[in-house]
Every structure is written in structure tokens, then in C-alpha cells.
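Here the structure comes first, spelled out in C-alpha cells, and everything after it is commentary.
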Amino acid sequence: MQEEQQPEAAADPMSSSDAPEDGPKETSSVSQNISDADAFKILLEMKLKKRQKRPALPSTVTELDTEDGSKVYVVGTAHFSDSSKKDVVKTIQEVQPDVVVVELCQYRVSMLKMDEKTLLKEAKEINLEKLQQAIKQNGVMSGLMQMLLLKVSAHITEQLGMAPGGEFREAFKEASKVPFCKFHLGDRPIPVTFKRAIAALSFWQKVKLAWGLCFLSDPISKDDVEKCKQKDLLEQMMAEMIGEFPDLHRTIVSERDIYLTYMLKQAAKQIELPRASENEPRKYIPAVVVGVVGMGHVPGIEKNWNSDLKIQEIMSVPPPSTSSKIFKFVLKATVFGLLGYGCYRIGHRTVQFVLSMPATQSYLQRLTEVPQQ
């Protein structure tokens, strides 16, 4: 159930050129015949020496501990923020983690490989093809809701001239520089989130939400985004959202808090050291994990950290409600009705145009004269 991609950072082994030039030739041959376990230990020691015992961390980092001594550093970010990128880079460099977990799922992992220019272009181009793909992947209601949220993201992108997810791309780059660092995708699959969110809303709540998203046009400044990194302002915004759509908050925020917490705890399990032989006893060391998530998820992760979490329930997709079925039927009937009416209007006008042509009138006149003769 864990959806992970774990590209491990490839650490170059020590080459023979690193050895002292005045050393004996036997040293070079010994270094080439070093075992994998010994090479791992050497590189691990280098990594641990580089790891700061008392790291100088940004104020946006929350430190959590597990029962077996592992440490998790959760970086709370604003998804459209240059400051958040710097916080992520500094945290990874300071703690030299064994695992980096980001608030992405396999359906959004493509943003890690795209450059800023491509992402800006993709975010601004919301066309019929993307709508069809979203509906095919998530269903009619969830697909439409996804496109509306993409419209919101495109609006922010256009206002700020900055593509979302920059902190995740920086985390991916920095993780690749740390020896033996794994990269995990820690968010719940987006189709599950959308389907559960749609199922939780009543018919009129769906209409109200869609209307609000469709007509979003308020200007947004970079200062507004940076203010989101203040917990008091963010909690105030969330409280306003809870008052209007409490079920939406539960599915999009609270349930994902649980899922992200679960994935962080899974990533923070102790690391087994390699053994020179099967007879050697197993040895474990505590893991160091960096989590990169939106600031709005940090309070929920802290709240759920010491709980016994089970994610089976929040991974299930409820069957569509009666209101969803009615809305889907009405939507299809409207589309086909408009299509049929359009064909009728076009056909009717086409017939009128053809009949009004002189050549057509002349031909019809000849046909009427034939029976008289």
C-alpha cells in the first residue's frame, strides 16, 4: 500500500587516485578488493561525521522522535515560496538524512523531473484534453473538481510567476547528493482523495464549492504566500474553511495528516547495518528522516505522531451517493441536449441556406415543370 519511489543517492566509491602517491602498491590492490560491507561502513562513517549533532535548523522545522530513537525533521513549507526551498536545502545538508519523504504521490511525481519553465506552461494550459484525462482517471465529479483546483493553482501561478512544488524538486536534488539516502513519496493517491472528498459533500455543497473555485480572481502577492508560514494565520484560514466545508477539510486535510504521519513513521524505522557474514549478529542504528510537507499538515502530524495509526479506512473509496448519480445524469443529459440542439440549429440553418441559393431554386423549378409537361 505504500506508494514509494526510492531512488538512492549514488555515492562514488573511493578511487585509487585518492590514495597517497608515496604509499605502497599493495594498498591500491587492497582498496580495490574491499568488500561491499566494508565500503558501506566507510561511506556511512563519512556520512555520520558530516551529520551535525546539533543542526542549525530553520524555524519552519519541527523535530519528532520515535520509540527506537530515530529522528524525523518535518519541514513545513509554502508551496509557492523561495524561502521554503532554502529551508529544505539547509535541513537536508545539516542532518544528512537516511530518507527524505515528500508530500507527493505517484500521480504527481512528474513535477520532480520538469523544469520551472515547463511547469509554468503546463499550469497555465488547462484544455479539453486535460479535462477528459482527469474525468477518465477519476470519474466525472472528481475529474471536474480536480480541474477546478488546477484552475486555482494556475491562478496562483499566473499571479506569482512561480510554479508550485519547488521545495519538492529541491528535496529530490539534495537527497541525491547524500550517500544512501532514499526518496519516498508520502502522500495519499490523489484519485482516492478526490473521490472521498466528493462523496463527503452534499449536492449543494458541491455546487457552492465549484462556483467559488470558478470565479476565483483575487490578486495574490508573494507576501501573502510567505504569511502562510505563520502558524497563527494558517490556523485562522483553516478554521474559516472548517466552518464552511467541514467534511471537505476532513478528507483533504485531516485524513492526509494521518496518511503522511503513517508514511513518516514507516520511513523512520531503524536501519540494519550490513554484515560481513551470516554468523555476525544483526546490528541496527536509528534512522534520520526529513519530511517536506505543506505547513497546514504540520499540526496534524504532531497531533497524530504518538497514535497507533491504521490507514485502511482512509484508503477506501465510498460508492457514489444518490446526489452524485443525479448530478452525473443531469450533466450528461445537458451535454447531449446541447450537442443535439446545436446539431439541429446547424442543420436547420444549413438547409435554409441551401434552399435559398439560386442554383437550388432553379433546380427545384425544373423539377416542378417536368410533371406539367
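Just a few scattered comments:
- Computed extension gain for Lys85 through Lys177, at 0.36 nm per residue and net of the alpha carbon distance, reaches 31.5 nm.
- Computed from the Cβ-Cβ distance with R0 of 41 Å, the FRET efficiency linking Lys117 to Glu313 stands at 0.50.
- Sites Ser202 and Lys53 - FRET efficiency at Förster radius 56 Å, r taken between beta-carbons, to 0.05: 0.55
- Mean Cβ count within 10 Å, highest first, over the residues of peptides 277-288, 169-180: 169-180, 277-288
- Using a probe of 1.4 Å, the accessible surface attributed to Met46 totals some 100 Å² when neighbouring protein chains are kept in position.
- Rg(Cα) / (2.2 N^0.38 Å) computed for segment 61-104, rounded to two decimals: 1.21
The values are calculated or read from the model by the stated rules, or taken from the named source; none is laboratory data. Everything numeric here is computed off the predicted structure, so don't read it as measured data. Note that we place each Cβ from the backbone using ideal geometry, even for glycine, and neighbour counts take in every protein chain shown. For accessibility, only protein heavy atoms count, side chains too; no ligands or nucleic acids. Shrake-Rupley method; radii C 1.70, N 1.55, O 1.52, S 1.80 Å.
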